[in-house]
Amino acid sequence: MKRKIIKIDEAKCTGCGLCIPNCPEGAIQIIDGKARLVSDLMCDGLGACLGHCPESAITIEEREAEAYDEAKVMANIVKAGPNTIKAHLEHLRDHQQMEYLGAALRYLEEHGIPNPLAQAGHKHPAGMGHGGCPGSRAMQLKNKPAQEEPPATGIRPSQLGHWPIQLHLIGPQAPHYQGSDLLLAADCTAFALGDFHKDYLKGKTLAIACPKLDSEQETYVEKIRMLIDEARINTLTVMIMQVPCCGGLLRIAQKAATAAKRKVPIKCVVVGLDGGILKEEWV
C-alpha cells in the first residue's frame, strides 16, 4: 500500500539519537552509527520525531510501505513499561488517530494490561492523559474579547507586497528581495498572531515554510543562502510557533547563514499558541 512514512537521510544523520525517545512507536534505532527505520509496520507516519532532529535528516515521504500494525507496535511497546505505553496512547489521541487508539486499547484489554490513561491523576478535559506531541495536541484556547474596529473603514490593509511566498516557489533573484528585510515565517504563525501584518510583515518581504511537513528541505537551505549572498538581504527574521517541530525552521536558517559568504543579523520570534509573543531576540 502507498502511505506516508518517515524518511531518514543517512548523509545528514549524525547518529545523535535524539529522535529515538521521540518516536512513540519505537520504530527508530541507531544501527552502525546512523538512525534507521527498523520496520515500515512500526511507523505510523505522523512525524512526532521530526522536530527533534538537529540536522533536519528526517522528513515525511509517501511511498509503498507495509501497513502500520498497531498490535505489533503494542507488543513491542509494552515491554518498555507503563510510561512508554502512556506516551504512545497520548500520541495517538493527540493526532486524532482513533482507529489506532481503539486497537491499542483492545490489545491492552486482551492481554490484561492496565490502561495508564484511565488511572487517577492522569486526566485532562478530553478525558484522557495530557502529553504526547505538543505540536499536534488538540486543545481549546481561552476566549479572547472582541477587538474594537479600526478607525475609518474598519479594514486593515494587507502588508503583503509580493507573490509567491512559499519557500519552494520563490526566486531569490526576484527584484523585491534585493536588499530587503526578510521575514521567514512558519506557516501557522500568521493564523496565531492577530497583528502579523501590522507588527511584523509591514516593510518586509516574506517567505513561508513548514519544517515538519515540507519535503526537500535542503533546497530551503540553499535558497536562504542565495537570499543572503545574491539578493543581499539586510536582515532575516525567523518567526516560529512554540511547538518543538517549529524549531527546525530556525535551524534551517542558521545552517544557511553558516554556509553563506555574507553575514546578516538573524532575529528569532517565537509565537505562543494563544497569539502572544513568547520570545523575540537576535540569535
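The values are calculated or read from the model by the stated rules, or taken from the named source; none is laboratory data. The structure presented is a predicted model; accordingly, all values stated were derived computationally and were not measured. Positions of Cβ are backbone-derived with ideal geometry, glycine not excepted, and every protein chain shown enters the neighbour counts.
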Consider K279 carefully, then state whether it is in a loop (DSSP other than H, G, I, E, B) and surrounded by fewer than 15 Cβ atoms within 10 Å (Cβ to Cβ). no
Of the residues in the range 29-54 that are assigned to a loop (DSSP other than H, G, I, E, B) and free of Cβ contacts under 8 Å to residues at least 60 places away in the same chain, the one that is farthest from P244 (Cα to Cα) is D32
When the range 88-97 is checked residue by residue, the ones that are in a helix (DSSP H, G or I) and modelled with pLDDT under 85 are E90, H91, L92, R93, D94
Scanning the range 210-262 for residues that are aliphatic (A, V, I, L, M), assigned to a loop (DSSP other than H, G, I, E, B) and in contact (Cβ under 8 Å) with a residue 40 or more places away in the chain gives L213, A231, I233, V243
In the set A253, A231, A259, the lone residue that is among the small types (G, A, S) and surrounded by fewer than 19 Cβ atoms within 10 Å (Cβ to Cβ) is A259
Residue set I5, I60, I30, I20; condition in contact with a Leu (Cβ under 7 Å, 6 or more places away or on another chain) and either within 28 Å of L249 (Cβ to Cβ) or not assigned by TED's automatic domain parsing to the domain that holds L117 (or both); output residue I60
All conditions in (1) surrounded by fewer than 18 Cβ atoms within 10 Å (Cβ to Cβ); (2) touching a Leu at 6+ places or on another chain (Cβ under 8 Å); (3) assigned to a helix (DSSP H, G or I) are true of M74 except (1)
Residue count, the range 246-279, condition more than 27 Å from G179 (Cβ to Cβ) and of a type outside the set (A, V, I, L, M), comes to 8
Exactly one of A138, A186, A190, A207 is at pLDDT 95 or above and closer than 28 Å to H88 by Cα, and that one is A186
Going by the structure shown, is G26 part of a helix (DSSP H, G or I) and either surrounded by fewer than 16 Cβ atoms within 10 Å (Cβ to Cβ) or out of contact with any strand residue (DSSP E or B) (no Cβ under 8 Å at 6 or more places or on another chain) (or both)?
no
| Residue check for G102: among the small types (G, A, S), outside the structural domain of E216 (by TED's automatic domain parsing), over 25 Å from Q217 (Cα atoms) and loosely packed, with under 14 Cβ neighbours inside 10 Å | yes
